[in-house]
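Everything on this sheet refers to the single structure shown next.
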Amino acid sequence: MAGAIASAMLFAFPAFAQDSRLSLADRVTRLEQQAQNKDQSGTGMVNQMQQLQSQVQQLQGQIEELQHQLQTLDDKNKAQYTDLDARMGRLEGGSAGAAATGNNPQAQAGNPAAAASVAAAASNTAANQPPATAGSAAAAGDPAAAQAAYDVAFKAIRAGNYVEASREFRSFIQQYPNHALAPNAWYWLGESYYATTNYPVALESFQQLLSQFPQSDKAPDALLKVGYSQLELKQTVAAKATLTQVTTKYPGSKVASLAQERLQRLQLQSGN
């Protein structure tokens with residue numbers, strides 16, 4: 001009996017050992033597959049991170065390109081607006097000159113408003129001049145001389161001679177503070193400083209126009225440029241308030257459209 005059991009064990013042991021070896025091999029294979037899967041998973045994560053980084057770089061490039069396009073559009077708008085201002089100024093200058101020299105049909109028909117304004121300016125200037133400058137005071141009472149002085153200043157700013165323009169417009173304002181062209185002179189004085197990035201003085205000039213001549217045809221443009229100057233001076237809160245005032249005070253106008261565009265751009269830049 002014992003011999004039979006021993007014989008059975010001898011036959012069974014090799015099969016058991018073989019099964020054990022197969023089981024161990026399977027376990028090793030399984031572990032290797034798991035390790036390989038982990039490696040593949042890790043590689044996949046690395047690839048995904050690299051793809052995400054590439055996408056982020058592409059988005060950053062697109063953002064920079066959009067910012068460049070916005071800046072280009074901003075510069076283009078400024079150039080177009082300045083050109084429009086120049087055209088309006090030429091028309092206004094010619095109209096005021098005709099009124100001052102008596103060539104305005106309305107003035108000849110009995111509307112002395114322009115002549116009275118010129119006379120008041122001449123009287124005020126002459127009264128404030130010291131006796132030693134009587135010749136200058138007399139010149140101030142000459143409508144043709146006033147128009148000529150304005151034309152010299154306006155010609156300078158049209159030519160891009162901003163330093164000369166600012167000097168000539170200041171001289172005009174000092175000589176003819178209440179002239180029909182005084183609001184225009186204040187406005188273009190501000191433009192001459194704005195063009196040379198002297199934003200504090202430009203802001204002061206535009207504000208002087210609004211303070212002294214709030215009903216002037218140049219008041220809407222001056223208020224818009226107050227907002228622009230405040231933006232250049234990093235007075236963002238004040239600038240937003242000014243530009244909002246432009247949109248509400250002059251709805252449907254060109255200046256309101258420009259103010260709204262700038263407000264929208266500020267909103268996009270702030271992300272709010």
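The values are calculated or read from the model by the stated rules, or taken from the named source; none is laboratory data. Source: prediction; values computed, not measured. So basically every Cβ, Gly included, is an ideal-geometry build from the backbone, and we count neighbours across all protein chains shown. Ligands, DNA and RNA are stripped out before the accessible areas are found, and what is left, the full protein with its side chains, is counted by its heavy atoms. Shrake-Rupley method; radii C 1.70, N 1.55, O 1.52, S 1.80 Å.
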task = Could you check how many residues of the range 174-224 are touching a residue at least 12 places away in the same chain (Cβ under 8 Å), among the polar types (S, T, N, Q) and surrounded by fewer than 24 Cβ atoms within 10 Å (Cβ to Cβ)?
result = 8
inquiry  = Looking for something open to solvent by less than 60 Å² (accessible area, probe 1.4 Å), over 26 Å from Ala165 (Cα atoms) and in a loop (DSSP other than H, G, I, E, B) - is there at least one such residue anywhere in the range 243-250?
reply    = yes
message = All but one of (1) touching a helix residue (DSSP H, G or I) at 6+ places or on another chain (Cβ under 6 Å); (2) modelled with pLDDT of 95 or more hold for Asn178; state the number of the condition that does not hold.
response = (2)
note = For Ser171, the lone unmet condition from (1) in a helix (DSSP H, G or I); (2) surrounded by 16 or more Cβ atoms within 10 Å (Cβ to Cβ) is (2)
key: Condition check for Leu268: open to solvent by 60 Å² or more (accessible area, probe 1.4 Å) and either over 23 Å from Tyr162 (Cβ atoms) or touching a Gly at 6+ places or on another chain (Cβ under 8 Å) (or both)   = yes
Test set (1) on the phi > 0 side of the Ramachandran plot; (2) more than 12 Å from the chain's Cα centre (by Cα) - Lys234 fails condition number = (2)
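Looking at the range 261-272, which of the residues that are of a type in the set (S, T, N, Q) and in a helix (DSSP H, G or I) is modelled with the lowest pLDDT?
Initial filter on the range 261-272 (of a type in the set (S, T, N, Q)): 264, 267, 269-270, 272.
In the following step, the residues that additionally are in a helix (DSSP H, G or I) were identified as 264, 267, 269-270.
On the way: Gln264: 94, Gln267: 88, Gln269: 82, Ser270: 78.
Out of the qualifying residues, it is Ser270.
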task = Report whether or not Leu258 is free of Cβ contacts under 8 Å to residues at least 60 places away in the same chain and part of a helix (DSSP H, G or I).
result = no
